[in-house]
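Novice: Next up is a structure, given as structure tokens.
What follows draws every value from the coordinates through simple rules; no lab data is involved. All of these numbers come straight from a predicted model, not from anything done at the bench. Using ideal geometry, Cβ is built from the backbone for each residue, glycine included, and neighbour counts are taken over all protein chains shown.
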Amino acid sequence: MAAASTKYHDVVSGNNAVPVPFDLDDAMMMPENVEATAQTVTRLVSDMPTIDYATGNCSICMERFWPSEGSCASRQVSCGHVYHHDCITDWLLNASFYSCPLCRHQISR
């Protein structure tokens, strides 16, 4: 069984030291610069081809595609899979590396 990496660090609040959990695994997965990550993801998604009349369902949310235009149109990843604009944006913002949710094809920066 693997050992947990959770450790406790004392945080001083007034005259009291309060033990606060620190998870090294979580800390290692946090982006160094959240704002830069958001800008990179926004650029990646805006550079993807738009698909105004996609058919079928989005593999992230499992809902049907709807006809849309402009910035909310469905987006096609470089491997050819299509997702709702908001779904692929959220996926990439929460991913530890940029890849297609379905086939794991790398999405280049």
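Novice: Scan around Ser99 for amide H atoms under 5 Å from its own, H built in the peptide plane at 1.01 Å from N, and keep only partners 5 or more places away or cross-chain.
Specialist: Placed amide hydrogens put Ile107 under 5 Å from Ser99.
Novice: Relative to the present Cα-Cα distance, how much length would full extension add between Ala95 and Asn57 at 0.36 nm per residue of separation? Spell out each step's value before the answer.
Specialist: On the way: separation 38, 0.36 × 38 = 13.68 nm, distance 2.11 nm.
Fully extending the segment from Ala95 to Asn57 adds 11.6 nm.
Novice: Please give, to one decimal in nm, the separation of the simple spin-label points placed at Cys72 and Glu35, each 7 Å out from Cα toward the Cβ.
Specialist: 2.9 nm
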